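Novice: The structure under discussion is supplied below as structure tokens; questions concerning it will follow.
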Amino acid sequence: MEHTNSSLPLPITALITTYNVEHCIEACLKSLSGWLDEILVVDSFSTDRTLEIVSRYTPNVLQHEYISQAVQCNWAIPRAKNEWVLLIDSDEVVSPELRQEIIELFRKEPDQDGYWIYRKNYLLGRHIKHSGWGKDSVLRLFKRDLARYPEKRVHAEISLEKTGVLKGKLEHHTVASISSWASKINTYSSLKAQDKYDKGFPFPYLQLLIRPPWRFFKDVFLRLGFLDGWRGFLIAGMSSFAEMLMAAKVIELKKTRSGGSK
């Protein structure tokens, strides 16, 4: 089946998970409006103006308790109306180039089950080209009935056999403020620590000593973070802090569950 610009909107559901994202959700929705058949928002009971803003763009809102991103997406994906799903984070914007590429792709039937999309990551208004953020790709355009996330608390990724790569970018404005970044690190480190604990995390005290400085060195020098200026050093510092928190929380879990104090 072929589609042309005159047959817009495309038979794709844009799926967004939200929670208290009034600062960024409108830019995301604007980039999706008018060319996709459905915008479906799955909200985790936001208490700010998120739902008020969403209501200007779509009536399709479901609410579901948040456990992890993988659980939330796996609950939401089957509820998409269309066979194809474009999964978007609330702090992401579809670039004009990516939008046009997807339109061109759907002029004929896509020949893959899913497509990887590269992200342009921004920190405090600047595009970060290094620091481990420069070659970031995510599998976000996929067939609804084939795609599910593995049961992993953080950084889970869909696995499909037949995938392609799109050239257009998602613009990812990942940090709203330093305070929100620190809060996110605290939350994610707890989830990651639980994953590590469940799978076994050998020599946690040694890892507490080694992982933070190694991550800082890796981001600044091996990943050329110094070329991103002070933002590169900030990324390295925050990533190092995240590693320290994660290892410390694994130790805390071991102590709590063993009833020990050493």
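Novice: Only Cα pairs under 8 Å and at least 6 apart count here; give the relative contact order of the chain as a rounded whole percent. Mind showing how you got there, number by number?
Specialist: Working: 464 pairs, mean separation 46.7, N = 262.
18 percent.
Novice: So, one more: Roughly what % of DSSP beta bridges within region 106-197 run antiparallel, to the nearest 5? Write out the running numbers ahead of the final one.
Specialist: Details: 8 of 18 bridges.
The antiparallel fraction comes to roughly 45 percent.
Novice: Subtracting the Cα-Cα distance from 0.36 nm times the residue separation, let me have the gained length for Tyr66 to Lys254 in nm, one decimal. Walk me through the intermediate numbers first.
Specialist: Numbers: separation 188, 0.36 × 188 = 67.68 nm, distance 2.52 nm.
My answer for the length gained is 65.2 nm.
Novice: For Gln100 and Lys199, compute 0.36 nm times the residue count separating them, minus their Cα-Cα distance, and round to one decimal in nm.
Specialist: Values: separation 99, 0.36 × 99 = 35.64 nm, distance 4.25 nm.
Residue separation times 0.36 nm, minus the Cα-Cα distance, leaves 31.4 nm.
Novice: Projected onto the charge dipole of the chain (+1 at Lys/Arg Cβ, -1 at Asp/Glu Cβ, origin at the Cα centre), which of Cys28, Leu105, Gly259 gives the Cα projection farthest towards the positive end?
Specialist: Of the candidates, Gly259 comes out farthest on the positive side.
Novice: Provide, for region 3-136, the number of lysine pairs with alpha carbons under 24 Å apart, each pair being eight or more places apart or on different chains.
Specialist: Values: Lys30/Lys81; Lys30/Lys120; Lys81/Lys108; Lys120/Lys129; Lys120/Lys135.
Eligible lysine pairs with Cα atoms under 24 Å apart amount to 5.
Novice: Additional query: Over region 5-175, what is the percentage of antiparallel beta bridges among all DSSP beta bridges, to the nearest 5? Let's see the in-between values first.
Specialist: On the way: 14 of 40 bridges.
Restricted to region 5-175, the bridges split so that about 35 percent are antiparallel.
Coordinate-derived values only; no laboratory data. Quantities reported herein were computed from a predicted structural model and do not represent experimental measurements. As a convention, Cβ positions derive from the backbone with ideal geometry for all residues, glycine included, and neighbour counts pool all protein chains shown.
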